[in-house]
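A short worksheet on the structure shown next.
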Amino acid sequence: MREFPVRRRILADKSFKVIILLLSFACILPMFFILFFITSKGISVINWSFLTRLPKPVGEAGGGILNALIGTFMLITVSTLLSVPVGVFTGIFLSEYRKGKLVYLVRLSIETLQGIPSIVIGIIAYVWIVVPMGSFSALSGGVALALMMLPVIITATEETLKLIPDSLREASLALGVSYPRTILKVVLLSGLSGILTGILLSVARVAGETAPLLFTAFGSPFMGINILKPVNTLPLMIFNYATSPYPEWHKLAWGASFVLIVFVLGINLFTKLVTRRWKVQF
Amino acid sequence: MESTILKIEQFSAFYGATTVLKDIKLSIPENKITAIMGPSGCGKSTLIRCINRMHELNPDATVSGRIFLDGEDIYATDPIIVRRQIGMVFQKPNPFPTMSIYENVIAGYQLNGIHLSKDEKEKIVTDSLRKAALWDEVKESLHRKGTFLSGGQQQRLCIARALAMRPEILLLDEPTSALDPKATSHIEELIAQLKNNVTIMLVTHNMAQAARVSDYTAFLYLGELIEFGSTGTIFTAPKDKKTEDYLTGKFG
């Protein structure tokens, strides 16, 4: 009888573990490099006036990103208000009715929507809203971003609600609670943390979108809080400043990048917190 | 002779083309415990799910025949009204995970949008938890989540939640099959106490449980009602051969 190759097995076992570890480590490296690079380039321009002042014309020192910050928050608010109701209700529909032609059609549309390049979504919002209204606007940018958020919110809602045990729905119905109330007050509420996670992740995803905003929100050097007028956003500002020939503006672009990345990172961490805190135990 | 609270007449239930219940005829006496017994798949759960119209939640489900609660045809009444009069407790304890113990008990009112004053709420919560023999264990922690309780306590919370609606009938669908023996005996004692307040129908595949707690027993086999009578008679002198075979362990 041949000797069982124990040593070789142990060696293979160990090297496999080492390979997995190395590759996983390689995977987190870019993130740290990006963070480090942007922080080292951008943090030097960050101060109170950078966050609270408007941009200055070329040649003048100083200037801040206040209008871009406000524009970004406006766009996120508009797109969230538009996409959350539609997305959550579509998600409810898909989790409640799992078969049928309409379900198939809805699912197909969501998958297609998810695959549409963001620049094309920008063009659509341009044709739908900018052209008829005759002006670039925060509203059109919000619509474009809402279209990008929709698939994420729908999928998150559907997957979360599918995991809610039927026994809860039965418990509610057996108390004589109507179907809509059962869905809204029992099923949806039990899945709140998952749905909220989906919404936050979709916000984090669109916060840095530039392409769909190029011909919708457009950008503006001025302060704007009218959703029917063009507004500046962080990504647009970074794009415009970084492609300009002025070193002074390049610096501001790094600073804006730093702010944007901190914002996105913050949302992601907050999402983790929500998931952990609000997790419902069945 | 006791008065009849629920009358089932020529009642059949189907899933698509499959017949699950065939021509059931049964009168349930008021303020007694009636056990529905039989092997798996005999239609016991379907029968009680037809009584509070939960059966029809399955899109393939249909029924024929009639069921009368106090002389009123429940299939001519809105299911929402029926379910408020006929409470149900399920196999697996299912307290609402987002709600505290307190909120769980009054969930039937809250979810239905029925407004209660603070005093009414307090009274309903206290009464229902007392009736469900859970008050002493949870009175200090009413505002903790119901899901922190043990399985047996959760099931008693579900009973309290059903009792809070002051139903005329309480349907129990194998309420102890997910519980350990100690919690089971606790629930059985509770069921015995409850019959002064409410008529109970208890589905069980555990013969010993039917014998221990019920006043009347119905034996179902392959969707047909084989025998119905007082529990003493059924267990000591069954009329039907099938009942006897089941009780003596020849099948099931």
- Conditions (1) within 29 Å of B:Leu6 (Cβ to Cβ); (2) away from every other protein chain (no Cβ under 11 Å); (3) among the aliphatic types (A, V, I, L, M); number of the one not met by B:Val89: (2)
- Scan region A:167-192 residue by residue and report those that are at the interface with another protein chain (Cβ under 7 Å from one of its Cβ atoms) and outside any helix (DSSP H, G or I). A:Leu175, A:Gly176, A:Val177, A:Ser178
- Message: For the structure I just gave you, tell me whether B:Ile8 is in contact with a helix residue (DSSP H, G or I) (Cβ under 9 Å, 6 or more places away or on another chain) and either over 19 Å from A:Ile183 (Cα atoms) or in contact (Cβ under 8 Å) with a residue 60 or more places away in the chain (or both).
- Response: yes
- For region B:169-185, what are the residues that are under 20 Å from B:Val125 (Cα atoms) and either β-branched (Val, Ile, Thr) or surrounded by fewer than 18 Cβ atoms within 10 Å (Cβ to Cβ) (or both)? B:Ile169
- Can you find even one residue in region A:68-87 that is without any contact (Cβ under 8 Å) to a residue 12 or more places away in the chain, surrounded by 13 or more Cβ atoms within 10 Å (Cβ to Cβ) and within 19 Å of the chain's Cα centre (by Cα)? yes
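Yes or no, residue by residue, for (1) surrounded by fewer than 21 Cβ atoms within 10 Å (Cβ to Cβ); (2) farther than 30 Å from B:Gln85 by Cα:
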position: A:Leu113; (1), (2): yes, yes
position: A:Ile124; (1), (2): yes, yes
position: A:Val130; (1), (2): no, yes
position: A:Ser137; (1), (2): no, yes
position: A:Gly141; (1), (2): no, yes
position: A:Leu145; (1), (2): no, yes
position: A:Met149; (1), (2): no, yes
position: A:Thr160; (1), (2): no, yes
position: A:Pro180; (1), (2): yes, no
- Query: Only one of these conditions is not met by B:Ile36: (1) modelled with pLDDT of 95 or more; (2) β-branched (Val, Ile, Thr); (3) within 30 Å of A:Val280 (Cα to Cα). Which number is it?
  - Reply: (3)
- Query: Tell me, which residue of region A:38-53 that is in contact (Cβ under 8 Å) with a residue 60 or more places away in the chain and closer than 17 Å to A:Leu66 by Cβ is surrounded by the fewest Cβ atoms within 10 Å (Cβ to Cβ)?
  - Reply: A:Leu51
- Message: Tell me yes or no: at least one residue of region A:3-14 is within 24 Å of A:Asn268 (Cβ to Cβ), free of Cβ contacts under 8 Å to residues at least 40 places away in the same chain and either surrounded by 10 or more Cβ atoms within 10 Å (Cβ to Cβ) or of a type in the set (Lys, Arg) (or both).
- Response: no
- Task: Go through (1) touching a residue at least 12 places away in the same chain (Cβ under 8 Å); (2) crowded, with 21+ Cβ neighbours inside 10 Å; (3) within 14 Å of another protein chain (Cβ to nearest Cβ) and name the single condition A:Leu252 misses.
- Result: (3)
- Message: Go through (1) in contact (Cβ under 8 Å) with a residue 60 or more places away in the chain; (2) within 26 Å of A:Glu60 (Cβ to Cβ) for A:Ile261 and report which single condition fails.
- Response: (2)
- Query: Looking at (1) over 23 Å from A:Met148 (Cβ atoms); (2) in contact with a Phe, Trp or Tyr (Cβ under 8 Å, 6 or more places away or on another chain); (3) modelled with pLDDT of 90 or more, which is the only condition A:Phe25 fails?
  - Reply: (2)
- Scope region A:43-58; condition more than 22 Å from A:Ser220 (Cβ to Cβ) and assigned to a helix (DSSP H, G or I); matching residues: A:Ile43, A:Ser44, A:Trp48
- Item | Matching strands (runs of 3 or more DSSP E) fully within region B:184-237 where at least 3 residues are closer than 25 Å to B:Trp135 by Cβ and touching a strand residue (DSSP E or B) at 6+ places or on another chain (Cβ under 6 Å) | B:199-204
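The values are calculated or read from the model by the stated rules, or taken from the named source; none is laboratory data. Everything numeric here is computed off the predicted structure, so don't read it as measured data. Every residue, glycine among them, receives a Cβ derived from its backbone with ideal geometry; neighbour counts consider all protein chains shown.
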